[in-house]
Amino acid sequence: MCRRAGIEVEATDDKARLLRDDYEILWAPMHWITANEVSPRAKILYGPHFWVFPEAPFVGAVDPALEGRAVYTTLCDWNQGVFQELCAGAPTRVPYEPIPFGIDPELEDLSRAPGKDLDCVVYLKQRPREQMDRVTAALRVHGLRYVEVIYGTYSDAAYKNLLRRSQFVIWIGSHESQGYAFQECLAAGIPILLWDVTSMFYWPKCYDHLHGVYELSATTATQWSHTCGERFVLWREFEGALARMRAKLGTYRPREFILSRVGDDVALRRLLDRLGLSI
């Protein structure tokens, strides 16, 4: 994202390096860095890989040494809500906001790629296998051609090749704080029929100790509009959603929407504006 904008990027595990006064932004994705460990002029972006739920050292009294120069990214609106729910008004060392990262705007538009020999890809991520089986059984009844993809079992090249061959994707997803594979599918111009979740409790025994205490509202689609495809939550809604998807193929515009929200240039500008910087 930065290199595309001509911004020099350096990665380091050496904390002593952070004290040099020759950079403007420190991104600390998963380790808490205190104000006295960095250049006094550097702005700090914390997160998002610290934890699932906010805890120390993030939760606590506001750090005056970081005031106005640091922010924690929750990546998306629903995760922002989870932080707010669990913090319950308690102070945090720095403010936290949904600041997503960028999607490559040069991803190939595959919506009109030749040789589309599949109706759809059925993508499963951290949901019961039986849910994929229900979907594929219904697709066979309709005579649709499909390929199954299970999260963690494919290469990036293989995934993009399947998108090239498909008219749309049926996504049986888990909660996503951003969802790169999901958003890259949309950026490639391929609409999604989404079997969505509404909370982090969708998986049996998932966060059981928090059941009845918090809502933990969530979704797979952290960036979404009606131009991206169709979505449903209950299985009984599947047939109607599939019918709408097939009837409206060719009218969706997921690429335009997703790049307007999280394309590299848009995402970088949002981050720099939040930190009071400019390109």
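The values are calculated or read from the model by the stated rules, or taken from the named source; none is laboratory data. None of the values given here were measured: they were computed from a predicted structure. Don't worry about glycine lacking a Cβ; one is built from the backbone with ideal geometry, like all the others, and counts go over all protein chains shown. These area figures cover heavy atoms from the full protein model, side chains too; ligands, DNA and RNA do not enter into them. Shrake-Rupley method; radii C 1.70, N 1.55, O 1.52, S 1.80 Å.
Short-range pairs are left out: with C-alpha atoms under 8 Å and at least six residues apart, the relative contact order of the stretch 32-84 is 47 percent.
In this simple spin-label model, placing a label point 7 Å from the Cα along the Cα-to-Cβ direction at both V52 and T136 gives a separation of 2.7 nm. Other residues lying with their Cβ under 15 Å from the Cβ of L259 contribute a combined charge of -2, Lys and Arg counting +1, Asp and Glu -1.
Ordering V233, C87, V59 by the projection of their Cα atoms onto the charge dipole of the chain, which places +1 on the Cβ of Lys and Arg and -1 on the Cβ of Asp and Glu, puts V233 at the extreme positive end. Specify the inter-centroid distance of the stretch 145-169 and the stretch 54-121, based on alpha-carbon positions, in whole Å. The distance from the Cα centre of the stretch 145-169 to that of the stretch 54-121 comes to 26 Å. With contacts taken as Cα pairs under 8 Å and at least 6 residues apart, the chain reaches a relative contact order of 18 percent.
Report the rotationally averaged projected area of the stretch 105-211 based on its alpha-carbon convex hull, in square nanometres. Provide the component values of the computation, followed by the final result.
Details: hull surface 29.9 nm².
Across all orientations, the stretch 105-211 yields a mean hull projection of 7.5 nm².
Relative intensity of the stretch 136-279 on a log10 scale, I(q)/I(0) at q = 0.12, 0.15, 0.17, 0.20 Å⁻¹, equals -0.59, -0.87, -1.06, -1.30, per a Debye sum over C-alpha point scatterers of equal strength in the absence of solvent.
Where does the charge balance sit around A56 when Lys and Arg score +1, Asp and Glu -1, over other residues with C-beta under 14 Å from its C-beta? Intermediate values should be presented prior to the final figure.
Details: positive: R93; negative: E55, D63.
With Lys, Arg at +1 and Asp, Glu at -1, the neighbours total -1.
Seen against the Cα atoms of the chain and their longest principal axis, helix 77-87 is set at about 50 degrees. Against the main long axis of the alpha-carbon atoms of the chain, helix 238-248 sits at an angle near 90°. Taking label positions 7 Å along the Cα-Cβ direction at both K116 and K15, the computed distance is 5.4 nm, reported to one decimal.
Per residue, the chain reaches -8000 deg cm²/dmol at 222 nm when only DSSP H runs of four or more residues are counted, each adding -39500 (n - 2.57).
Largest GNM mean-square fluctuation across P100, P54, P114, computed for the chain with C-alpha springs under 10 Å, falls on P114. Overall, the accessible surface of the stretch 92-204 at a probe of 1.4 angstrom is composed of carbon and sulfur to the extent of 50 percent. FRET efficiency for L277 and Q126, Cβ-Cβ distance as r, R0 = 51 Å, nearest 0.05? The computed FRET efficiency comes out at 0.90.
About the Cα centre of the stretch 212-279, how large is the charge dipole given +1 on each Lys and Arg Cβ and -1 on each Asp and Glu Cβ? Please answer in debye to the nearest 20. Here the stretch 212-279 has a charge dipole of around 180 debye.
How would M1, M132 line up by accessible area, probe 1.4 Å, largest first? It would help to have the intermediate numbers written out before the result.
Working: M1 60, M132 0 Å².
From most exposed to least exposed: M1, M132.
Run through the DSSP bridge list for the chain and note the antiparallel percent, rounded to the nearest 5. Of the beta bridges lying entirely in the chain, close to 5 percent run antiparallel. If I fit a long axis through the Cα atoms of helix 156-165 and take the longest principal axis of the Cα atoms of the chain, what angle between them do I get, 0 to 90°, rounded to 10? Around 40 degrees separate the two axes.
For the stretch 94-160, what's the relative contact order in percent, using C-alpha pairs closer than 8 Å and at least 6 residues apart?
On the way: 37 pairs, mean separation 23.4, N = 67.
Relative contact order of the stretch 94-160: 35 percent.
The residues of the chain expose on average 49 square angstrom of accessible surface per residue, using a 1.4 Å probe on protein heavy atoms.
To the nearest 20 debye, what charge dipole does the stretch 36-126 have about its Cα centre, counting +1 at the Cβ of each Lys and Arg and -1 at the Cβ of each Asp and Glu?
Values: 7 positive and 13 negative charges, 55 e Å.
Using Cβ point charges on Lys, Arg, Asp and Glu, the stretch 36-126 gives about 260 debye.
For the peptides 225-233, 63-71, residues were scored by their other Cβ atoms within 10 Å and the scores averaged per peptide; the highest-first order is 225-233, 63-71. For the stretch 178-202, the residues whose backbone nitrogen is under 12 Å from a point 7 Å from the Cα of E237, taken along Cα to Cβ, are 194-199.
With the simple model of a label 7 Å out from the Cα in the direction of the Cβ, S260 to D109 spans 1.4 nm. In the elastic network of the chain, a GNM with C-alpha springs shorter than 10 Å, the most mobile of D264, D156, D119 is D156.
For I170, the amide hydrogen comes within under 5 Å of the amide hydrogens of V121, V122, Y123, L193, counting only partners 5 or more places away or on other chains and with H modelled in the peptide plane.
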